[in-house]
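K.L.:
Okay, here's the structure, questions in a sec.
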Amino acid sequence: MPEAVVDLEIQLLLEALYQRYHYDFRHYARASIKRRLVQARDQLGYATISAMQDRVLHDASMLPRLLDYLTVQVSEMFRDPTYFRALREKVLPHLKTYPSLKVWIAGSSTGEEVYSLAILFKEEGLYDRTLFYATDINPEALAAAEAGVYALDRIRKFTENHQKSGGRSSLSDYYTAAYGRAVFDKSLRERVVFSDHSLVTDAVFAEMHLISCRNVMIYFDRPLQDRAIGLFRDSLARKGFLGLGSKESLRFSAHAGGFSDFVPGEKIYQRREP
Amino acid sequence: MSGASPQSPAQAIVIGASAGAVQALLAILPALPASFPLPVLVVVHVPPDRDNVMVPLLQTKCRLIVKEAEDKEPVVGGTIYFAPSDYHLLVEADGSLSLSTDEPVNYSRPSIDVLFESAADAFGEGLVGAILTGANHDGAAGLKALAEAGGVAIVEDPAAAHSQAMPLSALEACPTAAVMTLDAIASYLSSLGTAR
Ligand SMILES: C[S@@+](CC[C@H](N)C(=O)[O-])C[C@H]1O[C@@H](n2cnc3c(N)ncnc32)[C@H](O)[C@@H]1O
């Protein structure tokens, strides 16, 4: 089948998803979306992407299956330990001066980043005064995040990362192992609100002191990245902090002037006042 | 089609290498002339926790700009881009680059297949791709896609390669690819973009 036809089918499917279900992937970086939709077509056994579109338009139960391809659920606890170390050493000392705090983990996926931050805040004595918002567009990922259960064979890497991030406690203090799974402690999510929120179609919902949005915007095209960054700027309190993934930056953004480089190598920015 | 003679002027080069990559790339990239007009996109398998040592090394040896690819940057001729470790590198239809943390492909992130397939989509007949030494099978599907899109497919001569598994599986998937030694690849690529 000519590539041009596949590209057209993808365009139409994304339009259909938007109009029918209000999921807007139209301005996601197309090359990766294409790879994953072609994979969905082949693995779910459809002859064409148009056939997949026909199905999802008429059968809402197909939507979650497609969302699993359209969103990428790859995460890790304390992913890029130096980022968490920089939060611990450079950002949290500033946050300690506030009596109450709000932290937003945008694109929280299956929760690894949420538990990492919760543990970090506990270790630094800030957990009890903090309210965490964990948001994502994938309902299954949100449910997994709220459950906080991970395969035991991933714990070794998580533990290693936690140590490298300057962890003051032992990760094993925070989970119980049973039947090949690590179940993370309820106390870590006592102060976490999990909710559906899209950086593409939704608005500001609270004033934040720290926003961590990692490895989400690389899936967006430039204009969409700008929208998300504008949303973050509008959501941040005076001198609030924004942390991005290690290969994401504000360098090319229209909002670059709205932030200063707080920890340069770690993609941690601070809202700059006009 | 494949065979080392492009139907239309080349627009970009993609290269994939794994075990033995350093020596192989040192035989090719420093040979490219300062006036080389095309962008070169490279995926090398390196352990995820290791910073890309390839970039600083090749910066000292090459006449072209060598850098780690950044998300959404436009590709520019005369520049050699390396996929950062632990991220896939993709080419968008408008010729800009994207990074992604999608699952590993062929146990690899970055994956050669991911780069080659997206580049084949973006550049079509204007793409020249080479699979070099390596001990796995990444790149085979990508080279096939490249050839099917009308690009020029090249495989390092397995008999001379440090590790032959990757060139062999690329040849199996794409039998029409031109088989060349590293020196031949270097001089062929150097000739691209100069008046023919
Ligand atoms: C690769 S994961 C990143 C997980 C985690 N932040 C990390 O860095 O380990 C990307 C997440 O972004 C979510 N996502 C994609 N589009 C989104 C949007 N428009 N708004 C909010 N989240 C989105 C996906 O569902 C997925 O869970």
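The values are calculated or read from the model by the stated rules, or taken from the named source; none is laboratory data. Given the structure is predicted, the values throughout are model-derived calculations rather than measurements. Cβ atoms come from the backbone with ideal geometry, glycine included; neighbour counts cover every protein chain shown. Each accessible area value is taken on the protein alone, full model and side chains, heavy atoms only, with ligands, DNA and RNA left out. Shrake-Rupley method; radii C 1.70, N 1.55, O 1.52, S 1.80 Å.
K.L.:
Can you tell me how many residues within the stretch B:13-48 are in a loop (DSSP other than H, G, I, E, B) and closer than 15 Å to B:I154 by Cβ?
P.N.:
Going through the stretch B:13-48 one residue at a time, the tally reaches 2.
K.L.:
Would you pick out the residues in the stretch B:148-196 that are β-branched (V, I, T) and either closer than 18 Å to B:A24 by Cα or open to solvent by less than 40 Å² (accessible area, probe 1.4 Å) (or both)?
P.N.:
Scanning the stretch B:148-196 gives B:V152, B:I154, B:V155, B:V179, B:T181, B:I185.
K.L.:
With the checklist (1) within 14 Å of another protein chain (Cβ to nearest Cβ); (2) farther than 22 Å from A:V72 by Cα in hand, flag the one item A:S246 doesn't pass.
P.N.:
Condition (2) is where A:S246 drops out.
K.L.:
Continuing with this model, one more query. Within the stretch A:221-250, how many residues turn out to be assigned to a helix (DSSP H, G or I) and under 19 Å from B:K72 (Cα atoms)? Before you say what the answer is, go through the steps one by one.
P.N.:
Step one: filter the stretch A:221-250 for residues assigned to a helix (DSSP H, G or I), giving A:222-235.
From the residues that got through so far, the ones that are under 19 Å from B:K72 (Cα atoms) too are A:222-230.
Summing the residues that are assigned to a helix (DSSP H, G or I) and under 19 Å from B:K72 (Cα atoms) in the stretch A:221-250 gives 9.
K.L.:
Here is a follow-up. Out of (1) at pLDDT below 95; (2) away from chain A (no Cβ under 14 Å); (3) within 23 Å of B:M166 (Cα to Cα), what's the single condition that is false for B:P9?
P.N.:
Failed condition: (3).
K.L.:
If I go through the stretch A:136-181 residue by residue, how many of them are in a strand (DSSP E or B), surrounded by 13 or more Cβ atoms within 10 Å (Cβ to Cβ) and not aliphatic (A, V, I, L, M)?
P.N.:
Of the residues in the stretch A:136-181, 4 are in a strand (DSSP E or B), surrounded by 13 or more Cβ atoms within 10 Å (Cβ to Cβ) and not aliphatic (A, V, I, L, M).
K.L.:
Answer yes if at least one residue in the stretch A:248-263 is within 16 Å of the ligand (Cβ to nearest atom) and in contact with a strand residue (DSSP E or B) (Cβ under 6 Å, 6 or more places away or on another chain), and no otherwise.
P.N.:
Checking the stretch A:248-263: not a single residue is within 16 Å of the ligand (Cβ to nearest atom) and in contact with a strand residue (DSSP E or B) (Cβ under 6 Å, 6 or more places away or on another chain).
K.L.:
Another question about this same structure. Taking the criterion of being within 14 Å of chain A (Cβ to nearest Cβ) and open to solvent by less than 10 Å² (accessible area, probe 1.4 Å), would at least one residue in the stretch B:69-79 satisfy it?
P.N.:
Scanning the stretch B:69-79, I find at least one residue that is within 14 Å of chain A (Cβ to nearest Cβ) and open to solvent by less than 10 Å² (accessible area, probe 1.4 Å), so the answer is yes.
K.L.:
Among the listed residues A:L210, A:L231, identify the single one that is surrounded by 18 or more Cβ atoms within 10 Å (Cβ to Cβ), within 24 Å of A:S100 (Cβ to Cβ) and more than 12 Å from the ligand (Cβ to nearest atom). Please lay out each step first, then the result.
P.N.:
Details: A:L231 fails: more than 12 Å from the ligand (Cβ to nearest atom).
A:L210 is the lone residue from the list that is surrounded by 18 or more Cβ atoms within 10 Å (Cβ to Cβ), within 24 Å of A:S100 (Cβ to Cβ) and more than 12 Å from the ligand (Cβ to nearest atom).
K.L.:
Do we have B:V66 as surrounded by fewer than 24 Cβ atoms within 10 Å (Cβ to Cβ), modelled with pLDDT under 95 and β-branched (V, I, T) here? Talk me through it step by step, then tell me what you get.
P.N.:
On the way: surrounded by fewer than 24 Cβ atoms within 10 Å (Cβ to Cβ): yes; modelled with pLDDT under 95: no; β-branched (V, I, T): yes.
No; evaluated as a whole, the condition is false for this residue.
Yes/no per residue for (1) crowded, with 22+ Cβ neighbours inside 10 Å; (2) within 11 Å of chain A (Cβ to nearest Cβ); (3) within 16 Å of the ligand (Cβ to nearest atom):
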site: B:L90; (1), (2), (3): yes, yes, yes
site: B:L97; (1), (2), (3): yes, yes, no
site: B:A130; (1), (2), (3): yes, no, no
site: B:D138; (1), (2), (3): yes, no, no
site: B:A141; (1), (2), (3): no, no, no
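K.L.:
Restricted to the stretch B:99-108, and to residues that are at the interface with chain A (Cβ under 10 Å from one of its Cβ atoms) and open to solvent by 40 Å² or more (accessible area, probe 1.4 Å), which residue is farthest from B:L32 (Cα to Cα)?
P.N.:
Selected residue: B:E103.
K.L.:
Further question on the same structure: Find all pairs meeting these conditions: Cβ atoms under 7 angstrom apart; at least six residues apart or on different chains; first residue within the stretch A:198-227 and more than 10 Å from chain B (Cβ to nearest Cβ); second residue in a strand (DSSP E or B) and charged (D, E, K, R).
P.N.:
Partner pairs satisfying both residue conditions: A:A206/A:K102; A:E207/A:K102; A:M208/A:K102; A:H209/A:K102.
K.L.:
Determine which member of the set A:V103, A:V74 is among the aliphatic types (A, V, I, L, M), within 14 Å of the ligand (Cβ to nearest atom) and within 14 Å of chain B (Cβ to nearest Cβ). I'd like the intermediate steps shown before the answer.
P.N.:
Values: A:V103 fails: within 14 Å of chain B (Cβ to nearest Cβ).
Just one listed residue meets the conditions, A:V74.
K.L.:
While we're looking at this one, here's another question. Test B:A34 against the criterion of being in contact (Cβ under 8 Å) with a residue 60 or more places away in the chain and more than 14 Å from chain A (Cβ to nearest Cβ), and give yes or no.
P.N.:
Considered against the rule, which asks whether it is in contact (Cβ under 8 Å) with a residue 60 or more places away in the chain and more than 14 Å from chain A (Cβ to nearest Cβ), B:A34 comes out as no.
K.L.:
Pull up the stretch A:182-207, narrow it to residues that are more than 16 Å from the ligand (Cβ to nearest atom) and of a type in the set (G, A, S), then point me to the one that is least open to solvent (accessible area, probe 1.4 Å).
P.N.:
A:A182
K.L.:
Now for a separate question. Find all pairs meeting these conditions: Cβ atoms under 8 angstrom apart; at least six residues apart or on different chains; first residue within the stretch A:137-154 and assigned by TED's automatic domain parsing to the domain that holds A:M62; second residue open to solvent by less than 40 Å² (accessible area, probe 1.4 Å).
P.N.:
none
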